[in-house]
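Inspection log for the structure reproduced underneath, given as structure tokens.
The values are calculated or read from the model by the stated rules, or taken from the named source; none is laboratory data. Treat the numbers as computed from the prediction; the structure is a model and nothing was measured. FYI the Cβ positions are ideal-geometry reconstructions off the backbone, even for glycines, and counts take in every protein chain you see.
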Amino acid sequence: MPILSLILFTPVLGATLLFFVRDRLWVQRIAVAASGLSLAFAIYLMSIFDWARGGFQFMERTVWSKTLGITFLLGADGLGVPMVLASALLMFCGVFVSWHIEDRLKEFYINLLMLGTATMGVYMSLDLFFIFFFYEMSVIPMYLFIAIWGRHTKGYLDMQGDPKRDAVAFLTNFNRTSKEYAAMKLTLYLSLGAVVALLGLLLVYSTSGLHTFDLIEIRERGAIPETWQGWLFWLIFLGFAPIAAIWPFHSWSPVGYAAAPAAASMMHAGVLKKLGHFTIIRICFYLFPEATHTWMPVIAVLCVVNIFYGGLVAFLQKDAKFVIGYSSVAHMGYIFLGMAALNQISLTGAVFFLFADAMAMGLLFALSGFIYRQTHTMDLPSLGGLATKMPFIATCFVIGSAASFGLPGGMNFIGELMVFIGSWNVYPVQTLLAAIAVTITWAYYIRMIRSLFFGEAQTMLEPVSDARTWVDRFPMLILVAMTLFFGIWPSPFIRVIESGVAPILAPLPRTDPAPAADIIVRRHSTNP
Amino acid sequence: MQSLGQVFAHPQVGFPLLSLLVFLPMAGAILLAPLRNEVALRCCALTVAFIVFALSLLLPIFFQSGTSDMQFVEQVRWIPPIGASYHIGIDGISLWLVCLTTFLSFLVVLHAFYGVRKHVRAYLMTLLVLETTLLGVFIALDMLLFFLFWEVMLLPMYFLIKIWGGEKRDTAALKFVLYTLLGSVLMLVGLIVLYLNHREITLAQPFASSLSSGASFDYLDWLKTPFPMQTQIGVFLLLFFGFAFKVPMFPFHTWLPDAHVEAPTAGSVLLAGVLLKMGTYGFLRFSLPLLPLASELFAPWMLALAVASILYGALLALAQDDMKKLIAYSSISHLGFVILGIFSFNTKGLEGSLIQMVNHGISTSGLFFVVGFLYDRRHTRLIREYGGLSSRLPILATLYLLISLSSMALPGTNGFIGEFLILSGAALHDWRYAAIAMIGVFLGAAYLLWLFQRTMMGPLSHASNALLSDLHVGEIGVLGALLIMVFWVGLFPAPFLSRMEASTGFVAARMVSPATTRSVVEAAPAAP
């Protein structure tokens, strides 16, 4: 059964069907059905993935253009399977989070389903052309989300009547707070990255001497000259660095997420951002192991900047979504640290962190979307005391924040722990700094929770209500459940990810940590 | 020396299809002459255009892929004393350009139902005569015939701009004609030099050629002739002017923005959609195969000019405040890509540039139609007069967005196929040009999205915008037809690419085996 194609094309079918539907209720039903079906297939994929065997499974191959060497090649390995599951899950939850959108719900869902397809396409593709194809395809839906359904930040709304308000001079004025500015910034940053990545991919194609875009073939039979490998590594790294939100290419991210509607931020912060890391592992680690090994120390330094910069700036933000956005930037630093250390535990931890962060970010943006819908502002100074009015949301938010700042019991903790264990031997200074930075993470999350939920209730708020209906509670519950359940019992994911990480690390010199840690890992693997 | 075979129309399709295609529009124009009733005029013209389009669809159906021979050939002696014959035929290079011409002409005549009010009869007659001349250029295999159609095409275009154009139409029309005329006069000199050289070389050869006097304007005969280096260099420069003025390449582009701004919608569509392609077609069909040594010599300069066009066009597009001028500069940028592809001399680049010619015809025509629809409503092309139109004109906004996405080469649209092929061809040839050209891709996304945003997104500005009506059926039909092609070529490019392969392979092969040409030239005695 071509399970990967089923996962990938069910949302497309749903989107096509939605074109012809007018009735709002049927629009919602079809969106739920399409994303739900895709999720069901993704869960099934996770369950039948043979983690003992590893490697690329469920491969599907269709030749798209023989003369150009392009094949529509899908395959799932230990890295891709959890991320596909995360994408499907966030897409499914996103449908419920956007249930109450008034304006053009149908087009919103079409966009969401296409965004989901593009994301899953990147995670499943094993052909360079299609990795790029799906990646570029994911950029424009985000533009539409922000430009059409997004929100302006408070600074913009305060500028009512100011003639410079409207989106005309964004090139010269960096202080814009409109959603159009956010949309353009995100799209142009990501497009610029895509263009650099395209150059890298085309050069891989031409220097490998094989005239194929097939990733596996290039790795096995390609002969990329040594001198080129360094350049190609940097081109692809820099091409995907913007979407991975590495400092200094991160600035599209907080402003983009703040302006985007909740479901879009969920998808983007949850799985699209992770695309950056994923493709760097998928392409750079896989094709240029020596160059990766040479240049990882630079990345290790950059990621610490990410962690501290993201954390400190998050602390200063007045807009809740900006806080979450910057925290996402900071978390990307942890993932890079795990990737930089290049050993089994740290890389497994990094990929597990990708999944964990997807859940956490999804949860936090879903919750902030709900709060925004009730209070119509995300401005922290003017919010407060929501805990009494929305106890369910408050609880979920606290759990989500706790998971995000690495409280044991949440998935992020496992990921962080593995990253620290794995990186300590290789980059002790960076690991120490990253561990200290956890304090900053606690600080800004607790500050946000306090500003949002505790303290005095501001009297200017309209009557707000909690998440009462099943539709509102369902996405939060799923994500909370995922975070807690797999935070306590992570082994199903860990063993899948390990099987995917091992072949990537094989050609690299081993930098495994002390044997004691190996025992922990082995115990995990033998868990039923 | 490679030679091209010919497949005559009679065995291939049973009747002189190409002659019918070329002269039917002219016959239709003559038929329109006695009519007075506007409805009858429009219907009659539409029928003619539709029949021509339907006939042209026979071409790809009966086309034989896998051979670079000229097909549907018809040859009749015309002026034997100087060796000019009525010799027409198409191959993989001209096939899709012919279909593009008939398709766009059909759409333009359809547009005339609501797009033109005064002098309807003259307008329709001009359009049909223009169609004849455009088709003639692409199918002529006799150089004199080619030049005839090339020159005659200027006249209907001049009238189109002069009579139905905007305010400064007189200057624009004159500028267009004089510029292009200068170029074509130089081209004529080049053709005559080649003709004389061909006669000299043929007479000097021990074996007789088909036309015993040695005089021939026939392209296929010229292909067999190894022109000496001196001749090649001189003629390349002369032909360069003819073609470069048409493309238009930087720095010979200054007539284009004016011409586009002042031309009526149909004029811009045919100008951008077909006329500009004649220049690039000229390079591909004549400069490269006939003058391979000179082409190789001048390639670095041509690539540099191509990249200059790309960047210059894109940067200037960013600075425009007139919509049509912006799209005109974007044309300059896009056709710079086509030249980049052509002078990469490999199959990828050539195929990419060919398909991009067709794609640019579709996308830019769509953009000009959209601008035309906006102008019909507000009678202004200034960007600042519009804003937030998507709330009033959602259908226009959606179709406009899709066309923009095609122009900025989003994966899934036709533009991506062409751009990807051109960039891979350029990267295979010399990665530095590809790297700089990539910036053009990014800038393309920037100015197109920004234009869309300024006109369609954000709050509705200007009271007069609130009174506008959305697209009606005729307008939707035109854009819809273009969008069908956008997605067809974008998702299933194989049928289009497969028919081009053999012919572009032939041109590419000619470029890599000038050794054959060289040895013959070196062996020949030095020219007196």
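Remarks
- Pairs where the first residue, in segment A:49-68, is within 14 Å of chain B (Cβ to nearest Cβ) and loosely packed, with under 14 Cβ neighbours inside 10 Å and the second is modelled with pLDDT of 85 or more and not in a strand (DSSP E or B), C-beta under 6 Å, 6+ apart: none
- Residue list for segment B:86-104, filter: over 13 Å from the mean Cα position of the chain (by Cα), over 18 Å from B:Met500 (Cβ atoms) and buried (at least 22 other Cβ atoms within 10 Å of the Cβ): B:His87, B:Ile88
- Residues of segment A:178-209 classified as within 7 Å of chain B (Cβ to nearest Cβ) and over 22 Å from the mean Cα position of the chain (by Cα), total: 6
- For the residues A:Leu90, A:Leu126, the requirement of being under 16 Å from the mean Cα position of the chain (by Cα) and buried (at least 23 other Cβ atoms within 10 Å of the Cβ) singles out A:Leu90.
- Summed over segment B:488-516, the residues that are within 12 Å of chain A (Cβ to nearest Cβ), of a type in the set (Phe, Trp, Tyr) and in a helix (DSSP H, G or I) give a count of 1.
- Within segment A:125-149, tally of residues that are away from chain B (no Cβ under 11 Å) and among the polar types (S, T, N, Q): 1
- The residue that is surrounded by the fewest Cβ atoms within 10 Å (Cβ to Cβ), among those in segment B:351-391 that are of a type in the set (Lys, Arg) and under 25 Å from B:Val116 (Cβ atoms), is B:Arg378.
- Summed over segment B:428-456, residues that are touching a Ser or Thr at 6+ places or on another chain (Cβ under 7 Å), among the hydrophobic types (A, V, I, L, M, F, W, C) and more than 7 Å from chain A (Cβ to nearest Cβ) total 3.
- A single entry from B:Leu396, B:Leu401 fulfils the requirement of being at the interface with chain A (Cβ under 10 Å from one of its Cβ atoms), part of a helix (DSSP H, G or I), more than 15 Å from B:Ile339 (Cα to Cα) and modelled with pLDDT of 90 or more: B:Leu401.
- Residue within segment B:247-259 that is within 19 Å of the chain's Cα centre (by Cα), β-branched (Val, Ile, Thr), within 30 Å of B:Ala509 (Cα to Cα) and not in a helix (DSSP H, G or I) present: yes
- Flag if A:Phe20 is of a type in the set (Phe, Trp, Tyr), loosely packed, with under 14 Cβ neighbours inside 10 Å, away from every other protein chain (no Cβ under 14 Å) and more than 14 Å from A:Met120 (Cβ to Cβ): yes
- Number of the condition not met by A:Thr212 [criteria: (1) within 14 Å of chain B (Cβ to nearest Cβ); (2) closer than 30 Å to A:Thr377 by Cα; (3) part of a loop (DSSP other than H, G, I, E, B)]: (2)
Conditions (1) closer than 29 Å to B:Phe283 by Cβ; (2) at pLDDT 90 or above, marked per residue:
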residue	(1), (2)
B:Leu4	yes, no
B:Val7	yes, no
B:Asn37	no, no
B:Pro80	no, no
B:Ile90	yes, yes
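- Contacts under 8 angstrom Cβ, first residue in segment B:21-49 being hydrophobic (A, V, I, L, M, F, W, C), partner modelled with pLDDT of 90 or more and not in a helix (DSSP H, G or I), 6 or more apart: B:Val22/B:Ile88
- Only listed residue being more than 13 Å from chain A (Cβ to nearest Cβ) and either crowded, with 23+ Cβ neighbours inside 10 Å or in a helix (DSSP H, G or I) (or both), chosen from B:Gly425, B:Gly477: B:Gly477
- Being at the interface with chain A (Cβ under 9 Å from one of its Cβ atoms) and more than 16 Å from B:Gly352 (Cβ to Cβ) is not true of B:Gly372.
Per-residue answers, yes or no, for (1) surrounded by fewer than 17 Cβ atoms within 10 Å (Cβ to Cβ); (2) in contact with a helix residue (DSSP H, G or I) (Cβ under 8 Å, 6 or more places away or on another chain); (3) at pLDDT 90 or above; (4) not charged (D, E, K, R):
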position: B:Phe146; (1), (2), (3), (4): no, yes, yes, yes
position: B:Val189; (1), (2), (3), (4): yes, yes, yes, yes
position: B:Asn197; (1), (2), (3), (4): no, yes, no, yes
position: B:Leu203; (1), (2), (3), (4): yes, no, no, yes
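- B:Ser56 in a helix (DSSP H, G or I) and under 25 Å from B:Met143 (Cβ atoms): yes
- Pairs with Cβ under 7 Å, 6+ apart, first in segment A:119-130 and closer than 14 Å to A:Lys273 by Cα, second outside any helix (DSSP H, G or I) and at pLDDT below 95: A:Thr119/A:Ser138
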